[in-house]
């Protein structure tokens, strides 16, 4: 919703951008409207081209507020602790965003990473989507934790889109590119911090309203498992037993439910790994051994064999063909 005003401030008529992107300006008439991911990519690309600002997406995300997320934002705002608020985000963001999944994982004994993992690798301007998302996450954390909250470092799963100074200026922390996932690292102790100004009754009402707003038919079980695998692969190589426990069912029930939808745990895991591998190989300068390690393969030859099975070619050949010769 901040996009048209930001364009106007930068001296670019919003309707000119909408026309180039083929997007109906009326989509911005109501914050509850949705935009297709292809149109969102075209729109971000047109914004960057017509403003000449490589970090335009970052500026859009930096204007975000919890209130922009409706009932989801209200429930986060009135969660008892910051960790409770982030758990709401992890479970319910799919209502707003089908482009990626949010991730919260421990990176060491003291710190956690709040990240954003794209499920649509082929989307136009996916790097800019990452910029929007991490800037939005930063603003959310500031609103929940106050000015004292700040990340230890911020990282992006893409090459620099332009000058790095605007990123450092927004986040006030070291910024790294070519990472395995986009996200912010901060002390895990913040997860137990109470959220100031919580109204328990407002939170209860928001939860009830959000439950009423949930789709009558839940997403397919395989879709839910796939999103969980995206979240888990950041930290570990997930097993079917671990995923079954998350859904409070037996491994056998997991197998049968996936079989009823024409798939299997291993097939979904391979699809997620293949998507993440292509994301890292196309959008970052990570070498192939680093990509293999990020996907929790024992070594590069094991990853190469798996990738050849998925794509019919080696990772090196795929990268040379589809990523402009990057090594």
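The values are calculated or read from the model by the stated rules, or taken from the named source; none is laboratory data. Quick caveat: nothing in here was measured; it's all calculated off a predicted structure. Cβ atoms come from the backbone with ideal geometry, glycine included; neighbour counts cover every protein chain shown.
Here are a few things to note about the model shown:
- Scanning the stretch 15-24 for residues that are surrounded by fewer than 18 Cβ atoms within 10 Å (Cβ to Cβ) and in contact (Cβ under 8 Å) with a residue 12 or more places away in the chain turns up 16, 20, 22.
- Residues that are closer than 14 Å to residue 268 by Cα and part of a loop (DSSP other than H, G, I, E, B), drawn from the stretch 231-251: 233, 237, 238, 239
- Listed by first and then second residue, the pairs with beta-carbon distance under 7 Å, at least 6 apart or on different chains, first residue in the stretch 148-174 and free of Cβ contacts under 8 Å to residues at least 24 places away in the same chain and in the same structural domain as residue 118 (by TED's automatic domain parsing), second surrounded by 20 or more Cβ atoms within 10 Å (Cβ to Cβ) and part of a loop (DSSP other than H, G, I, E, B), are 173/151.
Residue by residue, here is whether (1) within 27 Å of residue 107 (Cα to Cα); (2) buried (at least 16 other Cβ atoms within 10 Å of the Cβ); (3) touching a residue at least 12 places away in the same chain (Cβ under 8 Å) holds:
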position	(1), (2), (3)
237	yes, no, yes
242	yes, no, no
250	no, no, no
303	yes, yes, yes
308	no, no, no
320	no, no, no
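- Verdict on residue 114 being within 24 Å of residue 176 (Cβ to Cβ) and modelled with pLDDT of 95 or more: yes
Yes or no, residue by residue, for (1) assigned to a helix (DSSP H, G or I); (2) surrounded by fewer than 15 Cβ atoms within 10 Å (Cβ to Cβ); (3) on the phi > 0 side of the Ramachandran plot:
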{"site": "7", "(1), (2), (3)": "yes, no, no"}
{"site": "43", "(1), (2), (3)": "yes, no, no"}
{"site": "70", "(1), (2), (3)": "yes, no, yes"}
{"site": "83", "(1), (2), (3)": "yes, no, no"}
{"site": "88", "(1), (2), (3)": "yes, no, no"}
{"site": "98", "(1), (2), (3)": "no, no, no"}
